[in-house]
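Report on one structure; see the data block that follows.
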Amino acid sequence: MKDSFKKSGQPPKEFNEISLTDPKEYAAGMPAIISSLKFIKNEVGVGRGVKLLKNMNQMGGFDCPGCAWPDPDDKRALLSEYCENGAKAISEEYAKAKAGPDFFSKHTITELLGWSDLELGKSGRLTHPMILNSGTDKYEKISWDDAFLLISDELKSLKTADEAVFYTSGRTSNEAAFLYQLMVRKFGTNNLPDCSNMCHESSGTALSETLGIGKGSVTLDDFNHAELVMVIGQNPGTNHPRMLSALRNTKNNGGKIISINPLPEAGLIAFKDPQKPLEWIGKGTSLTDLYLPVRINGDLALIKAILFLINEKEQNVPGSQFDWDFIKNQTNGIELFLDDLKKQNFSFLVKESGVDESLIRQAAELISANTKIIICWAMGLTQHKNAVSNIQELVNLLLLKGSIAKKGAGTCPVRGHSNVQGDRTMGIWEKPPEFLIKNLKKTFDFDPPTRHGYDVVQAIKAMHENKAKVFIGMGGNFISATPDTVFTAEALKKCKLTVHVSTKPNRSHLIHGEKALILPVLGRSEEDVQKSGHQFVTVENSMGVVHSSKGNMPPSSKHIISEPELICRLANVLFKNDPIDWLGFKDDYSLIRDKIEAVIPGFTSYNKKVENPAGFYLPNNARSGDFTKTATGKANFTSHIVEPLELSEKQLIMMTVRTHDQYNTTIYGLNDRYRGVYNERRVIFMNEEDMKDYGFINLEVVNIKSHFNGEERIAEKFKVVQYPIPRKCCATYFPETNVLVPIGSVADKSNTPTSKFIKVTLEKHPNQ
Ligand SMILES: Nc1nc2c(c(=O)[nH]1)N[C@H]1C(S)=C(S)[C@@H](COP(=O)(O)OP(=O)(O)OC[C@H]3O[C@@H](n4cnc5c(=O)[nH]c(N)nc54)[C@H](O)[C@@H]3O)O[C@H]1N2
Ligand SMILES: Nc1nc2c(c(=O)[nH]1)N[C@H]1C(S)=C(S)[C@@H](COP(=O)(O)OP(=O)(O)OC[C@H]3O[C@@H](n4cnc5c(=O)[nH]c(N)nc54)[C@H](O)[C@@H]3O)O[C@H]1N2
Ligand SMILES: [Mo]
């Protein structure tokens, strides 16, 4: 058993005492408050918990380390702008428990591999830098200086800089991200894969080609003016709970909501605002007006079917549907697009979408009656082979209706990590844009590398082929977040050195190279004091607002340092006598912001502007209706082919989703309250008819096998849960089933792993 842990690095497969209830029909309300309080009390304690929440998402306070949903520009809720899952995120970050040198001397790596992700995380905050020397099975204490020297020596011993990989997760501040990419490029590589590669890369690619900017166009205020909001492939009740207030505002102002999702997620049905006690009783605000239970990856067919119907109306009464002024002045490619649309076979599209024709007709009616339309989406659209097409088809819809660059309308890719968008703005990208190279050269007087680096999937393959030998992770949990766990574990284990800059123990610390380092850093909520005083950092939310974030809690340990300090001290060892004054940056973060201003467009008077506690908006050409940045100089219509779904008789399509009790690979608890699953994560949601076909009963224990290009992968021991999910579709939780996501199964153009589309077959587990 231990050997198989060692091989794949997977968590144990023992079951807990599962219990099930019906799925919930509203999100938030009293249960959310009770759940927040429970986490705060258990993890941080009440006194410190109150201090934490009072400052979270407040002007002058710190930014919630959870999701990237924006805060209101002006008025903020009196007690706090937080949600249940924000409270969990902060309790997890500022946990009382500590995983210091004692912890690591008590537990060998072999032993820790047998712990669940929940247990690993609950062991507490890391307090000291730790090293794993070659051939040993325990982490030991190391000084910061020795750790920097070791990394520097290993990096310098590589044949080329491209043999090192520098990963970033999306919590890293603008300041740390900017310094990190500067250090990496100065070292000589663009190997800067990041969590975006597995997340909204498809959105960035799709939007850049069609609208000339890889970010969304709407602001929070647009939700107050929208006539129609479409929420597609997203579960806001769990992953962006503060978004529910924006959707409620849309409804209160007379707007309508269409949601498109294989699962009837509670957060999309109704909402009881936890900040408004009067809403706790009663039914709450009902949100969705029209729910389309699309089959997994049926969205392209569905949107095309809707557009087909709207185009028919337009043909019958020209000018009744499309915004021809906008189309003629601002767009390119309408003729080809309409030619292609007319040729579509409507019944084929309906069949492929998996949605009843009558519902599709209702959706077309709602869309055709409105012009102020916002489309929101997340991982349900981006983690498919045709992800870029999915998103570009939505852009087609907005362009036809002239629903962009006007109040109450536009694109809203809902970002994941709280600064994932800012990290990209700062240059965390394996494909650096030309201006970045030019400005870095001008500002810092060196020749940055221009050839593209590895993204996440390419980095894993490079490590597997021994082309990359040092892995450094600025945050994140690489082994658990990435696809094909067994393959990725083999890749990491071939490295000479693996380094993780982290706040808490995670599985990536256990799947290591010949040598390994864990470097503990401050979280968002903690005070960061440097020579020039108490520092703040800056972050960018999902809508392009940049603002400050200042921790106010005493650091969890006096041996942990900030991410900017870590990078500066490492760079200072790596580049001896460097003309860049790295230690100066560490002493005063405003000097980093001056350099950001010099290199990155949109940051004029950066230090001045972030004095405004609400922050400032970055320029956004799609918001202002300037599409000259695309290849054609106009907003582009695009045509996409709907591939028929091909499944063999027993096959199902599996999507991997988040429970209500996790932040990506950080497991807060074992419940998925809204879906009615308690105390167990190893479950597979199935349609009743598919269960009958397979001869399964509820809670049957099964093995899941995935199929890709003749390859098979297996994940053992999951309990079947009957659920309202379309036929031939099933769902499991990430990261337990990442072992089934083939490394070769990626989205066209964006190279994002297809974590929402895995062909599987099931079998009863033999020993039950
Ligand atoms: N509390 C909490 N907050 C988080 C996170 C977290 O783990 N916990 N993660 C953060 C991060 S990094 C991200 S990227 C976001 C993720 O936010 P989401 O994208 O909401 O996260 P997922 O759980 O992956 O949910 C995807 C949703 O898409 C649906 N879906 C799956 N496949 C399809 C499809 O083919 N078509 C359609 N229409 N729908 C589909 C699923 O049923 C599910 O409702 O949340 C961020 N916020
Ligand atoms: N199957 C499947 N796989 C997926 C997905 C999916 O939907 N399905 N989603 C993908 C998506 S959208 C994403 S974004 C990735 C997420 O991939 P990652 O970003 O790599 O994973 P996280 O779980 O967010 O990282 C958690 C770790 O970050 C560290 N950490 C937390 N806060 C801080 C901090 O302030 N500083 C530092 N240095 N470290 C910190 C902690 O040690 C914690 O263990 O996973 C992807 N993988
Ligand atoms: Mo994400």
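Just so it is clear, none of the values below were taken in a lab; they were calculated from the coordinates. Everything numeric in this text was worked out from a predicted model, so none of it was measured. Counting neighbours? That spans all protein chains shown, and the Cβs are built from the backbone with ideal geometry, glycine included.
A compact table of results
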| item | result |
| --- | --- |
| Intensity falloff of the stretch 381-423 expressed as log10 I(q)/I(0), Debye formula with alpha-carbon point scatterers, at q = 0.14, 0.19, 0.30, 0.33 Å⁻¹ | -0.43, -0.73, -0.99, -1.04 |
| Relative packing of peptides 755-764, 504-513 - highest average C-beta neighbours within 10 Å first | 504-513, 755-764 |
| Selection of trypsin sites (Lys or Arg not before Pro), the stretch 191-294, meeting DSSP coil and at most 13 other Cβ within 10 Å | Lys283 |
| Centroid-to-centroid separation of the stretch 186-209 and the stretch 457-504 [C-alpha atoms, Å] | 17 |
| Burial order of peptide ranges 232-239, 679-686 (average beta-carbon count within 10 Å, highest first) | 232-239, 679-686 |
| Neighbourhood net charge (11 Å Cβ-Cβ; Lys/Arg +1, Asp/Glu -1) for Glu84 | +3 |
| Viscosity 0.692 mPa s, temperature 37 °C, Stokes-Einstein D of the chain from Kirkwood C-alpha radius, µm²/s | 124 |
| Residue pairs, from the table Lys401/Lys634; Lys550/Lys609; Lys251/Lys407; Lys272/Lys406; Lys24/Lys650; Lys88/Lys141, whose Cα atoms sit over 20 Å apart | Lys272/Lys406; Lys24/Lys650; Lys88/Lys141 |
| Distance violations [Cα-Cα > 25 Å] among Lys186/Lys586; Lys328/Lys372; Lys469/Lys531 | Lys469/Lys531 |
| Over the stretch 399-493 - Rg/Rh using Cα atoms and the Kirkwood inverse-distance radius | 1.09 |
| Per the chain, cysteines lacking a partner by the 4.7 Å Cβ criterion | Cys64, Cys67, Cys83, Cys195, Cys199, Cys495, Cys568, Cys729, Cys730 |
| Student exercise, the stretch 25-97 dipole from Lys, Arg, Asp, Glu Cβ charges, in Debye to nearest 20 | 440 |
| Burial ranking of peptide ranges 193-199, 25-31, 97-103 (average Cβ count within 10 Å, highest at the top) | 193-199, 25-31, 97-103 |
| Residues of type aspartates and glutamates that Lys558 reaches as a straight line, Cα spacing below 12 Å, ignoring anything fewer than 8 places off in the same chain | Glu526, Glu527, Asp528 |
| Volume of the Cα convex hull of the stretch 25-97, divided per residue and given in Å³ | 101 |
| Orientation-averaged projected area, Cα convex hull of the stretch 679-754 (nm²) | 5.9 |
| Inverse mean reciprocal Cα-Cα distance (Kirkwood Rh) of the stretch 609-768, Å | 18.6 |
| At most 11 other Cβ within 10 Å, DSSP loop - trypsin sites (Lys or Arg not before Pro), the stretch 304-389 | Lys343 |
